[in-house]
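Data block below; observations after.
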Amino acid sequence: MSGAVREVNEELAREFGLTSEEYNRVVSIMGRTPSFTELGVFSVMWSEHCSYKSSRKWLRTLPTTAPWVIHGPGENAGVVDIGQGLAAIFKMESHNHPSFIEPYQGAATGVGGILRDVFTMGARPVANLNALRFGDPATPRTREIVDGVVRGIGGYGNCVGVPTVGGEVNFHRAYDGNPLVNAMTVGVAHQDKIFLSAAAGVGNPVVYVGSKTGRDGIHGATMSSAEFDENALAKRPTVQVGDPFVEKLLIEACLELMATDAIVAIQDMGAAGLTSSSVEMAGKGGVGIDLDLDAVPQREPGMTAYEMMLSESQERMLMVLKPDRTDIARAIFEKWELDFAIIGTLTDTGHIVVRHKGQVEADIPLDPLAEQAPIYDRPRGELKAVEPLGPIHDPVGIEQALIRLIGCPDLASRAWIWNQYDSTVGGQTVRRPGGADAAIVKIEDTSIGLALTTDCTPRYCQATPRSGGAQAVAEAWRNITATGARPLAVTDNLNFGNPEKPEIMAQFVAAIEGMGEACRALDFPVVSGNVSLYNETRGPDGEAISILPTPAIGGLGVLEDVSRSVGLGMPEGGSLVLIGKTDGALGQSIWLREILGRETGDAPEVDLAAERRNGDFVREQILNGAIVACHDVSDGGILVAVSEMAMAGGTGCVLDVPDSGMRPEAFWFGEDQARYLAAVQGDGADLVAAAQGAGVPARVLGQIGGDSVTLPSGAAISIARLKVANAAFFPDLMDR
Amino acid sequence: MKAGIVVFPGTNRERDMAIALRSVTGTAPVMLWHGETSLPDLDLIVLPGGFSYGDYLRCGAMAAHSPIMREIRTFAARGGHILGVCNGFQILTETGLLPGALLRNAGLRFLSQDCWLRVEEAGTPFTRNWKKGDVFRTPLAHGDGNYVADVTTVDRLEGEGLIAFRYSDAKGVVDVADRLSNPNGSMNAIAGVLSENRRICGMMPHPEDLVDPLMGGVDGRPLFEGLVEALVQ
């Protein structure tokens with residue numbers, strides 16, 4: 001999309017992504033035909049990406065409060081109380097569309113953007129996580145995307161010096177033309193030093209800091225609000241380019257300035273750049289804002305007002321400062337060799353007025369820009385009926401199935417990925433990737449630990465979106481619980497297809513309903529998040545293919561005493577106890593897909609009361625020292641979980657289950673929810689008795705020891721063999 | 001021990017290093033800004049890890065020309081002790097205070113993992129708490145850690161006992177061609193080298209990230225404890 005000024009009319013508005021009705025509303029607000037720049041401002045502010053016009057109605061149904069929530073949705077990131085006067089500030093955000101077009105920069109700038117959302121609130125970032133979905137691994141383009149995305153995440157996160165401590169990866173052909181890159185940042189601040197974005201103080205200077213503005217990323221927000229077609233790759237110039245070195249300087253400079261009393265309000269320039277930051281800051285503060293674009297640091301000559309207002313150049317922040325503190329601020333940014341420019345002032349006009357080269361390029365009343373933004377209650381259709389589970393037979397046997405499952409793309413070792421992310425920088429990583437169900441990061445100079453995870457099972461969400469949404473929340477809660485931490489809150493990243501299609505809207509609403517139920521049942525409110533719609537690609541035949549519904553959940557929990565956390569590695573001896581009820585749910589299981597080649601049946605039932613009861617019991621038993629290692633039972637079921645514990649700890653287990661009362665494959669590979677494997681010293685009888693007292697199903701599964709996982713049949717599968725099967729997938733795919 | 005940590009734009013492991021030094025000395029080291037043109041009285045200068053100047057041009061190349069490096073050269077010439085870790089090692093080679101260079105990892109990917117180091121030269125201020133042949137674990141995290149030098153230089157380093165650490169397996173077996181034990185493909189599996197006077201040490205892995213049992217071990221502590229013993233008169 002060129003920046004050349006063109007005649008403004010309805011046709012141009014449609015090119016900018018506005019509907020005819022939306023354009024008419026713009027004309028009515030303005031009382032005249034908007035200027036080219038004004039139309040640009042409206043189109044990005046009213047894009048799906050910035051306005052949440054299709055999702056807002058439903059997002060409001062999610063629980064967002066709890067006694068420990070300091071700031072819920074509406075700020076740059078969510079803020080929760082983690083004790084000792086400290087707050088965790090965190091959010092997850094998607095960079096899906098850019099990552100398909102230009103995987104390295106798309107993923108890298110995704111990390112950069114979410115970091116800024118967190119440090120703009122005054123937090124030093126302490127951890128990054130991500131949730132990635134890729135297409136069929138057999139497709140060459142998938143390999144390129146995996147390679148670029150992993151390099152991009154590492155390239156940015158490693159350089160800024162924030163450890164990447166966790167994440168999840170799935171492969172499915174539904175993501176062939178539309179991978180998902182969801183990046184999460186967690187930061188820590190003092191509760192009395194949290195910075196917000198609402199501008200205040202008529203006459204106060206508006207200050208631009210960071211990198212210069214270039215022509216990159218113009219209309220990125222609009223691009224993210226439309227489905228792809230076969231020409232998507234031609235949009236490469238709309239992808240922003242990141243510079244993690246500048247981001248690192250920006251973090252340090254902002255934190256240094258935040259230690260003074262100079263800042264009134266601050267916000268990063270993310271999607272829709274200078275437009276969204278200035279409009280949102282002024283709008284939230286109920287003031288007007290005058291911008292002088294001649295003062296904006298520019299990377300190239302001849303940029304128009306439209307280009308500067310819509311540029312998504314990276315590593316930039318907008319601040320409102322106290323007028324007598326600008327010299328202090330300028331000195332700090334000059335020390336860090338970053339641009340610093342006063343580009344405007346706050347006014348009492350209630351308008352955003354943009355001047356450039358002596359001309360008023362835009363003059364828009366802020367209230368109607370925000371309040372009359374479109375909001376849609378899009379029609380919902382019927383959910384697609386689930387294909388029945390069908391007959392079950394076991395063609396390969398338990399041992400062979402295990403080897404195949406732990407080597408399959410969704411369960412194979414992710415070490416190839418983790419090993420490209422610096423997970424230890426900062427010196428506070430207590431549990432690294434693969435060491436526990438959630439990563440554990442200590443807060444420097446305190447005893448506090450944060451437990452962090454990202455979770456979603458898209459195939460469940462596709463089959464039954466409501467229970468799939470609940471399951472994503474429950475699994476995040478369970479992963480935090482399995483370390484001994486108390487789950488506090490979530491950030492969500494709702495990735496769906498085209499909301500204008502009734503069946504997609506139905507998925508979206510059902511998934512949110514399920515999430516809301518789980519968040520309420522588990523006291524696990526949503527404090528921040530992001531919605532990414534239009535994740536569809538139109539093939540050459542004109543048929544648009546949607547991704548699987550993917551409401552990724554980023555969970556955060558806290559340990560008052562981080563030394564009490566447990567990992568998942570099998571200890572040297574003792575017993576393995578299964579907590580939770582096993583019905584042998586094979587619908588939508590990995591076993592069903594990998595062994596019988598089917599994606600059929602209902603997703604496993606999510607019993608939130610049982611989830612809560614079982615999890616609260618497990619956490620208590622970890623904190624009182626009874627459980628010494630713990631792993632939740634999820635994808636692949638019990639036997640995969642046992643094998644993962646054995647591989648992580650280097651110790652095996654002799655499984656002793658006289659009669660499970662069901663088909664062996666259903667018992668060993670079924671994916672019933674609300675279950676944990678707990679390693680205890682001794683014979684496990686005490687834990688089973690305690691569980692019975694708490695109304696929690698529990699049984700001893702076997703004795704820990706040896707260098708194999710030994711099945712009740714007597715078949716012993718060595719840890720070495722498991723590791724070989726588990727390790728092969730990524731290196732074979734990527735380094736061959 | 002009075003220690004100073006140099007902070008360049010893009011340095012990112014200065015806090016890790018400060019934690020490690022504080023844990024053995026009980027006092028916080030001073031942070032030295034790259035633009036400084038004089039140094040306080042110090043027993044040890046540490047060049048920590050990170051991406052000084054974004055690794056632009058070449059890792060460590062721009063930092064080597066920053067104002068503080070003039071002072072550090074003088075400090076070295078007077079027999080001062082310097083530890084360079086990761087990017088700090090790269091800066092020391094770019095400055096010429098240590099021989100050789102660090103190239104892109106042999107696998108052309110950033111590596112973040114634990115490795116095993118075998119102590120090759122005991123009795124230096126950096127290695128005095130180990131015996132020759134001891135093996136310890138330490139995290140590494142770099143994209144450019146593949147040590148090279150010309151054959152004459154390597155022969156000299158080997159002959160004069162200036163190899164501090166070599167990558168090995170957990171049992172101390174060194175196999176240069178084995179990418180599991182010598183992950184970045186370094187020449188002779190060299191992980192750390194010493195200056196001729198043995199008062200400057202550069203190494204790629206991060207002993208400072210393994211000084212607390214909570215983080216998975218204390219394998220890195222002997223290095224810092226040894227420095228304190230050696231440098232506190």
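So what is the calculated 222 nm ellipticity per residue for chain B, using -39500 (n - 2.57) for each DSSP H run with n of 4 or more, over all residues, to the nearest 500 deg cm²/dmol? Walk me through the intermediate numbers first.
Details: 5 runs with 52 residues, N = 233.
Per the formula, -6500 deg cm²/dmol.
Across region B:220-231, in residue order, what do the Karplus-derived ³J(HN,Hα) couplings come to in whole Hz, using 6.51 cos²θ - 1.76 cosθ + 1.60 with θ = phi - 60° and x for Gly and Pro?
x, 4, x, 4, 6, 5, x, 4, 4, 4, 6, 9
Do you know the relative contact order of region A:457-609, to the nearest whole percent, from alpha carbon pairs under 8 angstrom that are 6+ apart? List each step's numbers first, then the result.
Values: 265 pairs, mean separation 52.0, N = 153.
Normalised by residue count, the contact order of region A:457-609 is 34 percent.
When you look at the Cβ of every residue in B:108-117, what mean number of other chain Cβ atoms sits within 10 Å? Don't jump to the answer; show the numbers that get you there.
On the way: counts 1, 9, 10, 4, 14, 7, 3, 0, 0, 0.
Mean shielding by partner chains, rounded to a whole number: 5.
Of A:Leu115, A:Tyr421, A:Ala271, whose Cα points farthest to the positive end of the dipole of chain A (charges on the beta-carbon: +1 Lys, Arg; -1 Asp, Glu; origin at the Cα centre)?
A:Tyr421
Let's see if you can work this out: charge +1 on each Lys and Arg Cβ, -1 on each Asp and Glu Cβ, no other charges. What is the dipole magnitude of the protein assembly as shown about its Cα centre, in debye to the nearest 20?
Numbers: 81 positive and 120 negative charges, 225 e Å.
So the dipole magnitude of the protein assembly as shown works out to roughly 1080 debye.
I need the phi-derived Karplus couplings for region A:325-335: 6.51 cos²θ - 1.76 cosθ + 1.60, θ = phi - 60°, integer Hz, Gly and Pro marked x.
Rounded to whole hertz, the list is 10, 5, 5, 4, 5, 4, 4, 5, 6, 5, 4.
Along the Cα→Cβ direction, 7 angstrom out, place labels at A:Leu12 and A:Ala689. What is the inter-label distance in nm?
Distance between label points: 8.1 nm.
Within 10 Å of each residue's Cβ, count the other Cβ atoms and sort A:Cys519, A:Cys408 from fewest upward. Intermediate values should be presented prior to the final figure.
Numbers: A:Cys519 26, A:Cys408 22.
With the sparsest Cβ surroundings first, the list reads A:Cys408, A:Cys519.
Between A:Glu620 and A:Glu560, what is the spin-label point distance in nm, taking each point 7 Å from the Cα along the Cα→C-beta axis?
Going by the 7 Å Cα→Cβ label model, 1.6 nm.
Are there trypsin sites (Lys or Arg not before Pro) in region B:43-106 that DSSP marks as loop and that have at most 11 other Cβ atoms within 10 Å, and which are they?
Values: sites: B:Arg58, B:Arg70, B:Arg73, B:Arg78, B:Arg104; in loops: B:Arg58, B:Arg78, B:Arg104.
The qualifying sites are B:Arg78.
Along the charge dipole of chain A, which of A:Ala521, A:Leu338, A:Gly557 sits closest to the positive end, that is, farthest toward it, with unit charges on the beta carbon of Lys, Arg, Asp and Glu (+1, +1, -1, -1)?
It is A:Gly557, whose Cα lies furthest towards the positive end.
Can you classify the protein assembly as shown as rounded, prolate or oblate using the Cα gyration tensor, where a ≥ b ≥ c are the square roots of its eigenvalues, rounded means a/c under 1.5, and otherwise it's prolate if a/b beats b/c and oblate if not? Before the final figure, lay out each step's value.
On the way: a/c = 1.75, a/b = 1.06, b/c = 1.66.
Judged from the Cα gyration tensor, the protein assembly as shown comes out oblate (a/c at least 1.5, b/c at or above a/b).
Mind sorting A:Arg414, A:Arg215 by how few other Cβ atoms lie within 10 Å of their own Cβ, fewest first?
Numbers: A:Arg414 18, A:Arg215 21.
Exposure proxy ranking, most exposed first: A:Arg414, A:Arg215.
Can you give the relative contact order of chain B as a percent, counting alpha carbon pairs under 8 Å and 6+ residues apart? Write out the running numbers ahead of the final one.
Values: 556 pairs, mean separation 47.8, N = 233.
Worked out over chain B, it gives 20 percent.
Sort the following peptides by mean Cβ neighbour count (other Cβ atoms within 10 Å, averaged over residues), highest first: A:679-690, B:108-119. List each step's numbers first, then the result.
Working: A:679-690: 18.1, B:108-119: 21.4.
Averaged packing, sorted descending, gives the order B:108-119, A:679-690.
Estimate the FRET efficiency between B:Glu196 and A:Ser447 by the formula 1/(1 + (r/R0)^6), using the beta-carbon distance for r and 60 Å for R0, to the nearest 0.05.
Numbers: r = 45 Å, r/R0 = 0.75.
FRET efficiency, B:Glu196 to A:Ser447: 0.85.
If you take each beta carbon of peptide B:3-16 and count the beta carbons of other chains within 10 angstrom, what is the mean?
Details: counts 0, 0, 0, 0, 1, 0, 9, 9, 3, 12, 6, 1, 7, 7.
Partner-chain Cβ atoms within 10 Å, mean over residues of B:3-16: 4.
Got a sec to turn the phi values of region A:570-579 into Karplus ³J(HN,Hα) couplings, 6.51 cos²θ - 1.76 cosθ + 1.60 with θ = phi - 60°, whole Hz, x for Gly and Pro?
4, x, 6, x, x, 10, 10, 10, 9, 9
Show the residues, 5+ positions off or on another chain, whose built amide H is closer than 5 Å to the amide H of A:His351.
Hits under the 5 Å cutoff: A:Gly288, A:Ile289, A:Leu366.
How many nm separate the modelled label positions at B:Val218 and A:Ala728, each set 7 Å beyond the Cα in the direction of the Cβ?
My value for the distance between the label points is 4.3 nm.
Could you give the size of the charge dipole of region A:282-405 about its Cα centre, using +1 on the Cβ of each K and R and -1 on the Cβ of each D and E, expressed in debye and rounded to the nearest 20? Display every interim value, and only then the final one.
Details: 13 positive and 22 negative charges, 36 e Å.
Here the size comes out at about 180 debye.
Under the definition of partner shielding as Cβ atoms of other protein chains within 10 Å of a residue Cβ, what is the mean value for peptide A:413-426?
5
For helix A:244-258, what angle does its Cα long axis make with the longest principal axis of chain A, in degrees from 0 to 90 and rounded to 10?
Rounded to the nearest ten degrees, it is 80.
At 222 nm, what value in deg cm²/dmol follows for chain A if DSSP H runs of at least 4 each add -39500 (n - 2.57) and the sum is divided by all its residues, to the nearest 500?
Values: 26 runs with 255 residues, N = 736.
That comes out to -10000 deg cm²/dmol.
Please list A:354-363, A:561-570, A:120-129 highest first by mean number of surrounding beta-carbon atoms within 10 Å per residue. The partial results should precede the final answer.
Working: A:354-363: 17.3, A:561-570: 21.2, A:120-129: 27.0.
Top of the packing list down: A:120-129, A:561-570, A:354-363.
With a 10 Å radius around each residue's Cβ, average the other Cβ atoms per peptide and rank A:720-728, B:138-146, highest first.
The most tightly packed comes first, giving B:138-146, A:720-728.
Quick one: longest stretch of chain B between exposed loop GluC sites (Glu not before Pro), exposed meaning at most 12 other C-beta atoms within 10 Å and loop per DSSP?
Segment B:1-159 is the longest.
To the nearest 0.05, what FRET efficiency results for A:Asp735 and A:Ser713 with a Förster distance of 22 Å applied to their C-beta separation?
Details: r = 36 Å, r/R0 = 1.65.
FRET efficiency, A:Asp735 to A:Ser713: 0.05.
What angle, in degrees between 0 and 90 and rounded to the nearest 10, separates the Cα long axis of helix A:140-160 from the longest principal axis of the Cα atoms of chain A?
Value to nearest ten degrees: 70.
With the Cα gyration tensor of chain B giving a ≥ b ≥ c as the square roots of its eigenvalues, does the rule (a/c under 1.5 for rounded; else a/b larger than b/c for prolate; else oblate) give rounded, prolate or oblate?
Numbers: a/c = 1.37, a/b = 1.19, b/c = 1.15.
Cα axes put chain B in the rounded bin.
How far is helix A:36-45 tilted off the main Cα axis of chain A, in degrees rounded to 10, range 0 to 90?
In chain A, helix A:36-45 runs at an angle near 20 degrees to the longest axis.
Could you pull out every residue, at least 5 positions away or on a different chain, whose amide H is within less than 5 Å of the one on A:Thr345? Hs are placed 1.01 Å off N in the peptide plane, and Pro or chain starts have none.
For A:Thr345, whose amide H was placed from the backbone, the distant partners under 5 Å are A:Val206, A:Asp290.
Once you order the gyration tensor axes a ≥ b ≥ c over the Cα atoms, which shape class does region A:321-438 get: rounded for a/c under 1.5, otherwise prolate or oblate by comparing a/b with b/c?
On the way: a/c = 4.57, a/b = 1.70, b/c = 2.68.
Oblate.
Quick check: the distance between the Cα centres of region B:55-129 and region A:568-608, to the nearest angstrom?
About 49 Å separates the Cα centre of region B:55-129 from the one of region A:568-608.
So if R0 is 25 Å, what FRET efficiency would A:Glu21 and A:Arg60 give, r being the distance between their Cβ atoms, rounded to the nearest 0.05?
Details: r = 23 Å, r/R0 = 0.91.
Efficiency computed from Cβ-Cβ geometry: 0.65.
What residues qualify as long-range amide H neighbours of B:Met31, i.e. H under 5 Å apart, gap of 5 or more or another chain, H built at 1.01 Å from N?
It is B:Ile5, by chain and number.
Throughout, read-outs are computed from the coordinates displayed, never taken from laboratory work. Please read these numbers as outputs of a predicted model, since none were measured by experiment. Note that each Cβ is placed from the backbone with ideal geometry, even for glycine, and that neighbours are counted across all protein chains shown.
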